[in-house]
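The values are calculated or read from the model by the stated rules, or taken from the named source; none is laboratory data. Fair warning: this is a prediction, and the values are worked out from it, not measured in the lab. Note: ideal-geometry Cβ built from the backbone for every residue, glycine included; neighbour counts use all protein chains shown.
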Amino acid sequence: MAAEALKITIDRGPNAQGLQTEFEVPAQDNQTVLDVVSWIQQNADPTLSYRFACRVGMCGSCAMMVGGVPRWTCRTHISKVLDGNAVTIGPLRNLPVIKDLAVDMDPFFDKWVAAEGVHHGGLTRDDPIAVVDETAPARVEANAGIECINCSVCYAACDTVTGNADYLGPAALQRAWTLLNDAKDEGRVAILDAVSGNGGCHNCHSMGSCTAYCPNDLDPMSAIAGLKRETAKSFFKRGRR
Amino acid sequence: MSMTKGITSRAHPLWLAYILHRVSGLALALFLPLHFWVLAMAVSDPARLDGFLHLTEAAVVKVAEFGLVFLLAVHMFGGLRLMAMEWLPWTPPQKTLAAAATAVSFLIAVLFFMKAI
Amino acid sequence: MTLRLYMLQRITALLMAPLVIGHLAVMIYAIQGGLSAAEILGRTQGSVLWFAFYGTFVAAVSIHGAIGLRTIAAEWGGLRGIAADALMWIVGLGLFVLGAQAVWAVTYP
């Protein structure tokens, strides 16, 4: 394996005419997809644009489509994704491409805010610190989703996002769900309204690609189902739109 | 990995359930106007309705009918599955058990029904 | 897809689940020995029960199908806003009119 060359195809989009897209990369025993992309940029084509920061699966900035699947490139061993000795690497799906493998994450973060994925505090600095019961059912529900690091892998995996540009997507809705279950957050009405609109949680078809591909093993699909239950309850209780 | 070549991020059971539900629903919606139109002949043109009903003896139409019944059943059970998944906060093993129990009961009921008639 | 459409979609679905099982059972029963207009009409004509059964079915399926096709047209056909809503209403009303004619035709005494 060590002496072989890997055949890497970089999907540089329709605007990359004339640019090199096929690269021969020396294989190593321990080599991540990010290592391969970095090798290309450092040794074959210095104009190749891509994004990464921590290299250990904490920052969520290196996600790309690897063989048609959205993944953290830093935590994916190249041997796991090779077909023979070849693989295609492209920019994340469902987001505008800036250049090569770097996408514009703005729509993703804008939707995070549009889903009321912000803290709705009710206390001031003069109030005592609220006690959080780690065993309360709502807290357990919130804890299940708070390890999201905004890498957009679920957003890229979701076909509903592809078909509906207004759809808030799995990550933003999951954050809305964790805040809804957070004893310290007082934005219940605002959150339920935000996830009940045109791009809200009811667009979800439970196809489960978000949960299937989340690198942190989170379950956005079930979080969105939770939002559907809560909004349905409020529909009967309060006759909300 | 070569086994999944050409299949992208969609090749998992829930996505397949989603696409089956959507395609069956679309097909049923397109079939309904024809279904209603033929039945409405009972008043406007009973002889023509009988003509259509005789068509159902043909093998090709029998296969098409089987397809429609399959689409209807698959869309109903797919829909019940979806609503159970979204509205009943059970654990996944509980849901698998419930689905299996429903499928077995339905199978027994159908077998009974086939024997009874 | 808003909360209101979602709820309508699910409520009509729940309403139709037993109706579909009934419809499947009648179909399996009715095709024994072939279909004829006389046989179908003999069962349904003048029956208030069958009128209620299929009347409810038609009303529910018109709503359910119209919302479903609106979603598909939006996601796969790029239809947005008023165009998507217009399609939904046309499909819903069209299905209801055709379905009501059919129900009337087979249950009219």
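Checking the conditions here, which among A:Val131, A:Val140 is in a loop (DSSP other than H, G, I, E, B), surrounded by fewer than 16 Cβ atoms within 10 Å (Cβ to Cβ) and either of a type outside the set (Lys, Arg) or at pLDDT below 95 (or both)? Lay out the reasoning, then the answer.
Numbers: A:Val140 fails: in a loop (DSSP other than H, G, I, E, B).
Answer to the selection: A:Val131.
Per the listing C:Arg80, C:Arg43, C:Arg10, the residue uniquely more than 29 Å from A:Ile224 (Cβ to Cβ), of a type in the set (Lys, Arg) and touching a helix residue (DSSP H, G or I) at 6+ places or on another chain (Cβ under 8 Å) is C:Arg43.
Given the criteria surrounded by 17 or more Cβ atoms within 10 Å (Cβ to Cβ) and closer than 25 Å to A:Thr162 by Cβ, does A:Val37 qualify? For A:Val37, the condition - surrounded by 17 or more Cβ atoms within 10 Å (Cβ to Cβ) and closer than 25 Å to A:Thr162 by Cβ - is met. Being of a type in the set (D, E, K, R) and more than 17 Å from the chain's Cα centre (by Cα) holds for only one residue in B:Lys62, B:Lys95, and it is B:Lys95. Filtering the stretch C:13-51 to residues that are in contact (Cβ under 8 Å) with a residue 24 or more places away in the chain, more than 14 Å from chain A (Cβ to nearest Cβ) and under 26 Å from B:Leu107 (Cα atoms) leaves C:Leu15, C:Met16, C:Leu19, C:Gly22, C:His23.
Against the list (1) buried (at least 19 other Cβ atoms within 10 Å of the Cβ); (2) under 22 Å from A:Asn203 (Cβ atoms); (3) touching a Phe, Trp or Tyr at 6+ places or on another chain (Cβ under 6 Å); (4) among the aliphatic types (A, V, I, L, M), the condition C:Met7 fails is (1). Taken over the stretch B:1-43, the residue count meeting the criterion of being at pLDDT below 85 and either farther than 30 Å from A:His77 by Cα or more than 9 Å from chain A (Cβ to nearest Cβ) (or both) is 5. Looking only at the stretch A:76-106, residues that are surrounded by 21 or more Cβ atoms within 10 Å (Cβ to Cβ) and of a type in the set (D, E, K, R) come to 2 in all. Of all residues in the stretch A:194-241, those satisfying the criterion of being within 12 Å of chain B (Cβ to nearest Cβ) and among the acidic types (Asp, Glu) are A:Asp219, A:Glu230. Can you spot a residue in the stretch B:2-22 that is surrounded by 13 or more Cβ atoms within 10 Å (Cβ to Cβ) and over 23 Å from the mean Cα position of the chain (by Cα)? For the stretch B:2-22, residues surrounded by 13 or more Cβ atoms within 10 Å (Cβ to Cβ) and over 23 Å from the mean Cα position of the chain (by Cα): present.
With respect to the conditions (1) farther than 30 Å from B:Gly51 by Cα; (2) free of Cβ contacts under 8 Å to residues at least 24 places away in the same chain; (3) of a type in the set (A, V, I, L, M, F, W, C), C:Ala66 falls short on a single one, namely (2). Cβ-Cβ distances below 8 Å connect the following pairs, each with a first residue in the stretch A:47-65 that is on the phi > 0 side of the Ramachandran plot, a second residue that is surrounded by fewer than 20 Cβ atoms within 10 Å (Cβ to Cβ) and part of a loop (DSSP other than H, G, I, E, B), and a separation of six or more residues or different chains: A:Gly57/A:Pro215; A:Gly60/A:Ile149; A:Gly60/A:Asn150. Just to verify a result, which residue in the stretch A:155-204, among those that are in a loop (DSSP other than H, G, I, E, B) and of a type in the set (D, E, K, R), is nearest to B:Arg10 (Cα to Cα)? Ranking the candidates gives A:Asp166 first. The lone criterion from (1) under 19 Å from B:Leu55 (Cα atoms); (2) modelled with pLDDT of 80 or more left unmet by C:Thr44 is number (1).
Working only within the stretch C:30-44, note down all residues that are crowded, with 16+ Cβ neighbours inside 10 Å and under 10 Å from C:Val106 (Cβ atoms). Residues satisfying the conditions are C:Ala37, C:Ile40, C:Leu41, C:Thr44. Only one entry in A:Cys148, A:Cys158 is more than 14 Å from chain C (Cβ to nearest Cβ) and either surrounded by 21 or more Cβ atoms within 10 Å (Cβ to Cβ) or not aliphatic (A, V, I, L, M) (or both), namely A:Cys148.
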